[in-house]
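Here's the structure, in C-alpha cells; my notes come after.
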Amino acid sequence: MTGKRDSPMEYRDLAKLMKDGAAELGVDLDEAAIAAFSAYLEELKAWNRRINLTSIDSDREAVIRHFLDSLTPYRYIRGAGRLLDIGAGAGFPGIPLKIADPFMEVTLVDSVEKKVHFMRNVIRKLGLKGIEAVSGRVEERSLIARYAFGFDCVISRAFTGLGRFLELSLPYLRAGGSIVAMKGPAYKDELEEARSIKGLEPPQIYEVKVPFDERSTTLVIFKKV
C-alpha cells in the first residue's frame, strides 16, 4: 500500500503520534521506546532506498501502518514470554512488540537474507536484548528441531493463508500457547480451511481499529490444546 511522499516528521510530532496511538491500543510508551521507534523509522527509510522493504514513503503512514498496526495484538498477547514472528520481513510486528514489551523474548524468522540483515541491523542500532533475527524457512527440519515447542505465541502479519500458517506454527508452539494471525477483511474465506487443523481450540476473532486510520486489523487467535 503506497502512501504520499512527505517531508520528514519532526521528532515531537512522531512522539505524539506514537504515544497517542499506542495509548489507544493499551500500550504506554516511555521516552526510550519513542526514541527507539524514531531510530527504527530512520533505518527503515535508509535501507528502503537500497532494498524493497516497504512501498510506503510517508513518515506518518509508516508510523501508522507499520508501527501502530504492529501493536494491535499487544493487549491479547501481553505476558507472553517467548514470541515467534514468522515471515517477519522488515520486523513487523515482532520488533514493535519487543519495543513495547522489553521483557518479551522475540525470534524473527524470514527466508529473505537481506531482510534478515536489516532486522539484525535494527536490533543492533536500537540496542535491543532478548531478540534475534533468523534466516530460514519455518518448514525446515533444522529450524523446527532448534525451536520445537519453544514459544508461548506464534504471530504473523499477512504471511500466508490461514490454514498453512497454522500448520507451520504448531511445531513451534507449546501446549496452551496461542497463534495470532493478523489479517485483513478476506480472513473469513480462510476460516473453513483452518477448522480442519487438529489440536486447536475454535478461534477468537477481534477487530482492532488502527489508530489514525480508516481501517481495522483482524486478529484471528487460536489456542493450542
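Bear in mind these aren't lab numbers, they're just calculated from the coordinates by the rules spelled out. Since the model is a prediction, treat every value here as computed from it, not as a measurement. Cβ placement follows ideal geometry from the backbone for every residue including glycine, while neighbour counts extend to all protein chains displayed.
Normalised by 2.2 N^0.38 Å, where N counts its residues, the alpha-carbon radius of gyration of the chain equals 0.97. The length gained by stretching the chain between Lys209 and Ala35 to full extension, at 0.36 nm per residue less their Cα-Cα distance, is 60.2 nm.
Model label points for Ala158 and Val225, set 7 angstrom from Cα along the Cα-to-Cβ axis, are 3.3 nm apart. Take the Cβ atoms of Ala148 and Ser196, set R0 to 22 Å, and the FRET efficiency comes out at 0.45. In the chain, the DSSP-assigned H stretches of four residues or longer account for a calculated mean residue ellipticity at 222 nm of -10000 deg cm²/dmol, using -39500 (n - 2.57) per stretch and the full residue count as denominator. For Lys198, a cut-off of 23 angstrom between C-alpha atoms picks up these lysines, skipping any fewer than 8 places away in its own chain: Lys183, Lys188, Lys223, Lys224. The listed peptides 77-86, 26-35, ordered by packing as a protection proxy, come out as 77-86, 26-35 (highest mean of other Cβ atoms within 10 Å first). Taking the DSSP beta bridges with both ends in region 11-223, the antiparallel portion is around 40 percent. Contact order, relative form, for the chain: 17 percent (alpha carbon pairs under 8 Å, 6 or more residues apart, mean separation divided by residue count). In this label model, Arg174 and Ser216 are separated by 3.2 nm, measuring between points 7 Å along each Cα→Cβ vector.
Electrostatic bookkeeping for Glu113 treats Lys and Arg as +1 and Asp and Glu as -1; over the other residues with beta carbon under 13 Å from its beta carbon, the sum is +3. The charge dipole of region 79-225, taken about its Cα centre with unit charges on the Cβ of Lys, Arg, Asp and Glu (plus for the first two, minus for the last two), comes to roughly 420 debye.
Within the chain, the whole DSSP H helices whose Cα atoms reach 18 Å or more along their own axis and whose mean Kyte-Doolittle score is at least -0.5 are 31-48.
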